[in-house]
Amino acid sequence: MKKLLLLLLLFCFSITSFSQENNLNTTIEKGIAFHDAGEYDKAIKEYEKALEIDPNSSLIYYEIAFSYFSKEEYKKAEKYSEKSIELDDQNLLPSYITLANSLDMQGKPKKALKVYEKAIKKFDNYLLYYNYAFTSLNQGKIDQAYDAVIKAIENNSTHPSSHLLLSQIMDTKGNRIKAMLPLYYFLLLEPNSNRSGKEYNRLISYMDLGVEKTSPTNININVPMNDDSDFSAVEMMISMKKASNSMEENKDKTQLELFADNNESIFSILGELKNEKNGFWWELYVPVFYDFAKSDLVEPFSYYISVSQGENATNWLAENQDKFNQFASWFEK
């Protein structure tokens, strides 16, 4: 009889536990749905209901923190991120990121950097390195930002924002080529977003740098100088190529055609210069773009990363399906 009673109690407890867990998951899912719809207050109310069921859930505390961060209530986001971190389980990484971002948005970048540094000791994650680099750059710690964003890209080379940040860092350092290469890569990954058009125009501005047409027959070339001798030949070639765009033989070419021609020259000379050179720049960016040059893919690549500029690029891609398909197949390698 006692055994039967015990079994009945265990069975009832199991049903109750299952019901509570099911209700908890449903409530959290409702909160996430509200958050994704931009209804952050409703999301937080659902999460608070979930806390009544499980007051020791790091996930719930993190979701509350994230919703408060999204509605720009950074002090509350900081509070709930810390609660999630105190529980020290599988939601530790996103909670660290939300905490550090909340501190940064409150004008506490030094504290934010310390949180990132603590998290980096626990996790080898590209988002930590990226955010650490971003905050470091804003604090004027250029070399620290550079080292961190390189680690972010090595950790995940498909993260567009890391390449964009590296380009901005190299722009700050005054290195045109090293600002252009990650910008090409960013546009390869993200050709037509809200920020793509602006960054495309920045890429074009690098090509124009140091080239001034003073009269119909006179062009002044001033090659930007920096301490990076590896890319000095490319610096010279870009300026010379840009200057040649106004020559008689190129007068009937469109801006997109000239852009593709310039890219062909840049990528080809980069590959020729590589030889035995090693290191991040020569092993990540140069092989990709030189492969485009060798595989006759520079033209479709150039139009693909130009789609933010309007219908001329998209029309070309539609009218040259074979070339575009050949380029698209490169992604499948």
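The values are calculated or read from the model by the stated rules, or taken from the named source; none is laboratory data. Note that the structure is a prediction, hence the values are computed from the model and not measured. Virtual Cβ from ideal backbone geometry, glycine too; neighbours counted across all protein chains shown.
Before moving on, here are some points about what is shown:
- Any hit, the range 59-74, residues being part of a helix (DSSP H, G or I), more than 23 Å from Tyr126 (Cα to Cα), among the β-branched types (Val, Ile, Thr) and modelled with pLDDT under 95: no
- If you go through the range 303-333 and keep only what is hydrophobic (A, V, I, L, M, F, W, C) and either free of Cβ contacts under 8 Å to residues at least 60 places away in the same chain or touching a Lys or Arg at 6+ places or on another chain (Cβ under 7 Å) (or both), you end up with Ala313, Leu317, Ala318, Phe324, Phe327, Ala328, Trp330, Phe331.
- Any pair with Cβ under 6 angstrom, 6 or more apart, that starts in the range 227-256 at a residue that is in the same structural domain as Glu283 (by TED's automatic domain parsing) and of a type in the set (S, T, N, Q) and ends at one that is surrounded by 15 or more Cβ atoms within 10 Å (Cβ to Cβ) and modelled with pLDDT of 70 or more: Asn245/Leu258
- Count of residues meeting criterion [surrounded by fewer than 24 Cβ atoms within 10 Å (Cβ to Cβ) and of a type in the set (Phe, Trp, Tyr)] in the range 69-104: 2
- Note on the range 107-141: residues that are among the β-branched types (Val, Ile, Thr), surrounded by 20 or more Cβ atoms within 10 Å (Cβ to Cβ) and free of Cβ contacts under 8 Å to residues at least 24 places away in the same chain total 1.
- The condition of being farther than 15 Å from Ile44 by Cα, at pLDDT 95 or above and touching a Pro at 6+ places or on another chain (Cβ under 8 Å) holds for only one of Leu103, Leu92, that being Leu103.
- Some residue of the range 289-302 being without any contact (Cβ under 8 Å) to a residue 24 or more places away in the chain and over 24 Å from Gln255 (Cα atoms): no
- Flag: Asn245 matches the condition of being modelled with pLDDT under 95, buried (at least 17 other Cβ atoms within 10 Å of the Cβ) and not β-branched (Val, Ile, Thr).
- For the residues Leu270, Leu165, Leu209, the requirement of being at pLDDT 95 or above, among the aliphatic types (A, V, I, L, M), within 30 Å of Leu317 (Cα to Cα) and touching a helix residue (DSSP H, G or I) at 6+ places or on another chain (Cβ under 8 Å) singles out Leu165.
- Candidate set: the range 149-188, residues that are touching a His at 6+ places or on another chain (Cβ under 7 Å) and not small (Gly, Ala, Ser); chosen: the one farthest from Ser329 (Cα to Cα): Ile153
- Some residue of the range 195-202 being in a helix (DSSP H, G or I), among the polar types (S, T, N, Q) and at pLDDT 85 or above: yes
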